[in-house]
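Shown next, in structure tokens, is the structure this report addresses.
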Amino acid sequence: MSQVPGEETSAAINLAWCERNGKVALKIDGWDRAVPADLGGPDAGDISRRFALLTTEALESGRDVNSVPPIAGRFEVSGDALFFIPRFPFVAGASYSLVARPHPDAGADAASPIVHIWRPADEAEPTAFVACIYPDVAVVPVNLLKFYLQFSEPMSEGRAQRAIRVCRDDTGEPLEGVFVPMDPELWDPTRQRMTLLLDPARIKHGLVPNMEAGYPLIEGVPFRLFIDPSLRDSRGRPLRAGAERRYDVGPEVRERIDPRKWRLTVPAPGSLDPLQVEFERPLDYALLQRCLWVNGPLGTVVDGHGKSGPGEGSWSFTPAEPWLAGTHQLVVDRQLEDLSGNSPVRVFDRDMTEPDDGPPLTDNVVVDFLCESG
Amino acid sequence: MVDQATTLEHLGLAVGSPGIRSVGPLAFGPEGVLFVGDNVGAAIYAIDVGDSETSGQARAIDLDNLDSSLAAYLGCTREDVEIRDLAVHPGSNNAYLSVMRGSGDAAVPVIVRIDASGAISDVALDEIGFSKSEIEDAADEDDPREVTRVKLRTVTVTDMSYVDGLLVVAGTSNEEFSSTLRRIRFPFTGDTNANSLEIFHVSHGRYETAAPIRAFVPYQGNNSILASYTCTPVVQFTVSDFAPGELAHGKTVAELGAHNRPLDLVSYEQGDEEYLLVANDRHPLIKIACVDIDQQGPLTVPDDSLDSSPADPVTPGVGVPRQLLPHEGVRRMANLDGDNVLMLQQDPEGNIHLHTYDVGDL
């Protein structure tokens, strides 16, 4: 098989890439000379009995050629040439093989010439990279639940399981079974942010995997998260470079988020200064983008822009219109989570024997604050 | 195809090009409608697969090296073929697979049909009868907080079943960690969330948690659901307990051990008894008698060995009695015709095969 893309020639058959009705097709020249007799007219059924286009991978798999399903598509005759229009687009970098079966009159000994052609690969330089790894903190709790990987451009799915790993930072030893198997992978609609879930069975108290294998991370043992450049962007190119991030591991966090402990810096009425909120612990990066908002004195949502601060330890909100005087509400959606999956309304793995854990609340949590002139 | 679609107009299907961007979980509904989860397009489609054949008799489907044959048919390498799910057409007993060919911009969603002779064809996904239900958090619609929100949340559907007029959908959010079971009325009305419920389960009578349901199967005439979780417990729900908007509680009836993940469940009858099979990524195929689930109390007390000899590994056999079956590498299953179960199996070399097993031998 030739490794040179482009036109390929057998004794009489020439294969070349071409375009038919806006789609990449395969042009087969010389087909009428490749068989002892004419095909007797452009009958597609007859042609597909005489020619089969296979993937070279299937042809070379050792299976009987006649048992390999031919590539879905159709043959068309136009002038002296035969065309194959595939049902699914030809794949960049793949090789294809045309098997020309002999005419039924040619006798049992007649050969079946096979011609190969290679579809050029996309060899553009890689450009995608890991823009940020969340949590954007130095120390994570030992019962950390999620990472988010933010990429510079849209990515392909299906390679995370092989490309992402976690190792102890002190010995370099890999930590096994840290993640839920990434099938299916969890992406945002733009395919630029991927969610990695640490194995909740090992995080949750009272489950056999937690008792057998313990937390996926080890308190006091720093680790590194590695992202291999073999991840593919949406065009199938690898990353420009791999990425890694080191974390220290602190104690577990097993209590509800407590907005009463947040420190609010309240702006003056009439100003466009931001409301600033300091959390009592780092919170989940993704949920922070949509789980906090402000209601004004009239009880309606204040129009404006919310933004999480460094290390997901704070949030600020800049209103579109100057602040009104009066009592406002910072509303905390019950879905907001900290780094360990605790929310304002429930502990991640609620111990029903602990009075402090209490049953889950069903409403959002509200913190009042007063905008008044100094 | 157009005639077929017309015959399903009463189910809300109309002929057109649905624009399916990806194919994932599959489930058949009434009159051979195929539900297809499109996690990239954030939608579930009901499509007319144009398969009106009636089988009438048991037909085994056996196809070795299915992945190689699919790659050959789809004109790509084996690495470019990802089989996502398996379902059996209730009339023809043909097998249907959701397959992604390639990835990224080059990804092509394909619904493959395999008949009893092992012949491969595919369902055209343009100009077909279809209807669509968006997978969205309905609370986001017209939300006044829009200014502060970035729409990056997705729900990745992991399993679906059609149960008495409702498409029940399990999914995993890419943001919050919760256990929401969506119930979408079919024919689709656009009202997807009224019937969502959040399910908690209790482990060992002490820890109450929520987690995304990975796979589930209705059984006992659709009165019960057995669900497996990303965190390994197997939990039973009674369908009549589901009340819209409520927090529901399930009964944890078994745990399947560390480093193991349940992949799929199927129900079948053997004699007069109903059984469930649970396929796992590490552990063997597990058989559970439905009658044992009913008799199993909630898991309340951890294995005593935990306290007395913590060095001893806990037997993963906590909970409902189970039998281990020898079928290796089972990834997906479907009840073929009541008498047979179809299994998608991966061998140690990674090759994927499709095999039929008589329920009498399971």
Practice problem: Considering only A:Asp64, A:Asp188, A:Asp169, give the residue with the highest GNM mean-square fluctuation for chain A, with springs between Cα atoms whenever their separation is below 10 Å. | Solution: A:Asp64
Self-check item: Carbon + sulfur, % of accessible area of the protein assembly as shown - ligands and nucleic acids excluded, 1.4 Å
Solution: 47
Exercise. Considering only lysines 8 or more places apart in sequence, or on different chains, count the pairs in the protein assembly as shown whose C-alpha atoms sit under 25 Å apart.
Key: 9
Quiz item: Averaged over all directions, how much area does the convex hull of the C-alpha atoms of the stretch A:87-242 cover when projected, in nm²?
Solution: 15.4
Practice problem: Can you figure out the FRET efficiency of B:Asp126 with A:Ala81, using R₀ = 25 Å and their beta-carbon distance, to the nearest 0.05? | Solution: 0.35
Exercise. Counting only C-alpha contacts under 8 Å and six or more residues apart, can you give the relative contact order of the stretch B:1-137 as a whole percent?
Key: 32
Quiz prompt | Viscosity 0.890 mPa s, 25 °C: Kirkwood-radius Stokes-Einstein D of the protein assembly as shown over Cα pairs, µm²/s | solution = 87
Quiz prompt | Orientation-averaged projected area, Cα convex hull of the stretch A:92-178 (nm²) | solution = 11.7
Quiz item: Top mean-square fluctuation among A:Phe226, A:Phe75, A:Phe147, Gaussian network model of chain A, C-alpha springs under 10 Å?
Solution: A:Phe75
Exercise. Whenever you get a sec, line up B:Ser52, A:Ser95 from highest to lowest accessible area (probe 1.4 Å, protein heavy atoms).
Key: B:Ser52, A:Ser95
Quiz prompt | Angstrom value of the Kirkwood radius, inverse mean 1/r, which spans all Cα pairs in the stretch A:151-269 | solution = 16.8
Quiz item: On alpha-carbon atoms, Rg over Rh for chain A using Kirkwood Rh?
Solution: 1.20
Quiz item: Under unit Cβ charges (Lys, Arg +1; Asp, Glu -1), what dipole magnitude, rounded to 20 debye, does the stretch A:151-291 have relative to its Cα centre?
Solution: 380
Quiz item: Largest first, how would A:Thr127, B:Thr230 line up by accessible area (1.4 Å probe)?
Solution: A:Thr127, B:Thr230
Quiz prompt | Evaluated at q = 0.10, 0.15, 0.18 Å⁻¹: base-10 log I(q)/I(0), Debye formula over Cα of the stretch A:262-374 | solution = -0.32, -0.66, -0.90
Self-check item: In Å², nearest 10: area of B:His355 left accessible to a 1.4 Å probe
Solution: 40
Quiz item: Given the options A:Glu321, A:Glu185, A:Glu252, which has the most mean-square fluctuation in a GNM of chain A, springs set between C-alpha atoms less than 10 angstrom apart?
Solution: A:Glu321
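The values are calculated or read from the model by the stated rules, or taken from the named source; none is laboratory data. Keep in mind that what you see is a predicted model, and the values were worked out from it rather than measured. So basically every Cβ, Gly included, is an ideal-geometry build from the backbone, and we count neighbours across all protein chains shown. Each accessible area value is taken on the protein alone, full model and side chains, heavy atoms only, with ligands, DNA and RNA left out. Shrake-Rupley method; radii C 1.70, N 1.55, O 1.52, S 1.80 Å.
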